[in-house]
Every structure is written in structure tokens, then in C-alpha cells.
Amino acid sequence: MQHDSFHSGFITIIGRPNVGKSTFLNRVIGQKIAIMSDKAQTTRNTIQGVWTVEGAQIIFIDTPGIHKPKHKLGDFMVNIAENTLNEVDAILFMINAKEGYGRGDQYIIDRLENVKKPVYLIINKIDQIHPDELFELITAYKDRYSFKEIIPISALEGNNVDHLLSVLRQQLPEGPQYYPEDHITDHPERFIIAEFIREKAIQLTREEVPHSVAVLIEKIETKPDEKVLVQASIIIERKSQKGIIIGKQGKMLKDIGIQARQDIERLLGTKVYLELWVKVQKDWRNRDHYLHEYGYNQDEY
């Protein structure tokens with residue numbers, strides 16, 4: 001059936017670290033494209049997810065959590081998040097229902113004062129609070145900013161996500177279909193594969209290795225047996241972290257590889273050989289050369 005008009009737009013998701021932005025994006029897209037962790041500041045670049053239905057397309061931009069930066073990488077992350085605010089059709093300001101209002105939220109609200117786009121307050125993780133607490137939350141935020149609408153959801157359980165999508169779709173301006181129907185992200189496979197490996201390194205080492213982990217894809221090639229060979233280096237900042245990533249008799253590195261390979265195979269739809277190395281690059285988060293090499297290029301935003 002031919003539609004008289006097509007509606008499309010760009011919507012950015014902002015919020016403090018660890019409010020569930022990546023979980024929401026993966027839920028909407030129906031496939032894992034953004035890495036998830038209960039550690040703050042897991043997302044470092046903008047992750048674009050493309051949601052297409054008949055007659056409409058939304059390009060969601062999942063930004064790094066807005067926080068007070070402590071190094072050049074932190075500056076890069078916050079600049080990305082703030083730079084998207086005036087370049088989109090609408091903004092989803094996501095909060096964690098369990099944590100409630102905090103100083104970090106006010107920091108974001110202050111930046112929204114200069115934004116001329118509709119802002120929706122998305123109260124995520126409502127599955128973790130009592131319904132009576134929700135009314136208090138809505139009241140606390142409603143008095144602080146003139147939100148277009150306040151919508152409670154659970155990205156993890158899927159509660160009210162379809163309603164949110166319906167509301168957003170109705171607000172979309174007329175526009176072109178930017179991506180083909182089967183397109184779910186604008187990021188190359190190389191980027192997503194690196195993110196999957198980084199996610200496993202963060203998850204499995206827990207507090208022992210903080211966010212000084214980067215992943216550099218050295219090679220991707222299809223072998224004669226149709227399997228894909230992926231070679232990658234896990235970059236850390238200190239020699240002491242190298243032993244943690246490798247683990248006793250190489251067990252940690254092996255576990256990272258096994259779990260990352262499963263995600264990569266789902267993404268590529270084929271069997272994968274994954275070879276991992278660990279390299280020490282001292283203080284890379286404060287060095288422009290390494291930030292650029294590892295994919296954190298400020299000039300692109």
C-alpha cells in the first residue's frame with residue numbers, strides 16, 4: 001500500500017550514566033547494537049539505531065551519559081551528548097525511577113533550557129519501584145521543566161515502550177526514508193564487534209579494570225570455509241591490568257573471547273574465529289592520538 005506521505009526524524013536519548021539508554025535502544029531495535037553494563041559511562045560514542053515501520057522511520061541516537069568529565073575521553077563523551085541536543089527533532093530525557101531526582105539531572109535540565117526542541121521525560125525502570133512512588137517522581141520533575149510529555153516505561157520488561165513509540169511517531173515531521181527497511185544501525189560491523197568485546201571485558205572483570213579499556217579491531221576477513229576471522233587488541237592503561245584481563249592461565253581472556261564470539265556470531269549470522277591480544281597503552285584516555293586511533297574522534301561530531 002502506497003502512503004501519501006512518509007514521516008521521519010532524529011531523536012536523541014540523553015540522561016545520567018546508567019539510566020538504561022542502551023537497554024531501551026536494543027529493545028526498540030529488537031537486536032543488540034548497543035553494549036550494556038551496570039557500570040556508569042559504558043557508552044562512549046553516539047550509537048544510532050534505526051526503527052522503521054510502515055510510513056515512518058525514527059533514527060534514535062543513544063548518547064554517552066552526561067557527567068562531570070575527569071579526562072579527555074570524558075570531555076569527548078559529554079561534548080557528543082550535548083552537541084546532539086539542537087540537531088534533532090525531539091529529545092528523550094531518561095531517568096532511573098529507582099534513583100529519582102539528583103544533582104546530575106539538574107545539570108542536564110539546565111542545558112535543556114536553551115533547547116528549542118520538544119523534550120519528553122522518560123521514567124525508566126518502573127518495574128523496580130512501587131506504583132505509589134511514580135506519582136511523586138512525576139510531580140518532582142514536572143515542576144522543574146516544561147516537558148512535552150512524561151512517559152513511564154520499563155525498557156528491560158518492555159512495559160509501555162510501544163506507547164512511547166506511538167507517541168513519538170505521531171510527532172514526526174514529514175521526511176524521507178533515510179535508511180532501507182532492514183537497516184538497524186548506521187555503525188559499521190567493525191565498530192559493533194569492538195563494542196561487544198569491550199562489553200565482555202567490562203562485565204567479566206567487574207571493578208578490577210575500570211573504564212580504561214578500549215578495543216582495536218586489527219583484522220576482519222572471511223576464510224575459505226566461510227567462517228569469519230576477527231583479530232582484535234584489548235587496550236588497557238597499566239601493566240597491572242594486563243594480568244587481570246588475561247587471568248590465571250589465560251582463563252579471563254578466554255572467557256571474554258567465548259562470550260564476545262557468541263554476540264558477534266549472532267550479529268554476522270555465521271561462525272567466527274576470534275583472536276584476542278592485550279596491549280598496554282599508558283594514559284591513552286588523555287592522548288589525542290590514541291583517542292583518534294581507537295575511534296573517539298571529536299572532529300566527527
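Numbers for the structure displayed
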{"item": "Selection count, the stretch 236-284, where residues are polar (S, T, N, Q) and either in contact (Cβ under 8 Å) with a residue 12 or more places away in the chain or outside the structural domain of ALA194 (by TED's automatic domain parsing) (or both)", "result": "4"}
{"item": "Complete set of residues in the stretch 151-183 that are crowded, with 17+ Cβ neighbours inside 10 Å and of a type in the set (Val, Ile, Thr)", "result": "ILE151, ILE153, VAL161"}
{"item": "Cβ pairs under 8 Å, 6+ apart, first in the stretch 219-235 and free of Cβ contacts under 8 Å to residues at least 12 places away in the same chain, second surrounded by fewer than 18 Cβ atoms within 10 Å (Cβ to Cβ)", "result": "GLU221/LEU229; THR222/LEU229"}
{"item": "Residue within the stretch 252-263 that is more than 24 Å from the chain's Cα centre (by Cα) and modelled with pLDDT under 90 present", "result": "no"}
{"item": "Residue check for LEU134: touching a helix residue (DSSP H, G or I) at 6+ places or on another chain (Cβ under 9 Å), surrounded by fewer than 19 Cβ atoms within 10 Å (Cβ to Cβ) and modelled with pLDDT of 90 or more", "result": "yes"}
{"item": "Checklist (1) among the polar types (S, T, N, Q); (2) buried (at least 16 other Cβ atoms within 10 Å of the Cβ); (3) more than 17 Å from LYS21 (Cβ to Cβ) applied to ASN86, failing item", "result": "(2)"}
{"item": "When residues of the stretch 224-240 are limited to those that are among the polar types (S, T, N, Q) and under 25 Å from the mean Cα position of the chain (by Cα), the one surrounded by the fewest Cβ atoms within 10 Å (Cβ to Cβ)", "result": "GLN231"}
{"item": "Selected residue (only one of ILE35, ILE61, ILE13 is modelled with pLDDT under 80, under 12 Å from the mean Cα position of the chain (by Cα), of a type outside the set (S, T, N, Q) and within 26 Å of GLN128 (Cβ to Cβ))", "result": "ILE35"}
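The values are calculated or read from the model by the stated rules, or taken from the named source; none is laboratory data. All of these numbers come straight from a predicted model, not from anything done at the bench. Cβ coordinates were reconstructed from backbone atoms using ideal geometry, including for glycine residues, and neighbour counts include every protein chain displayed.
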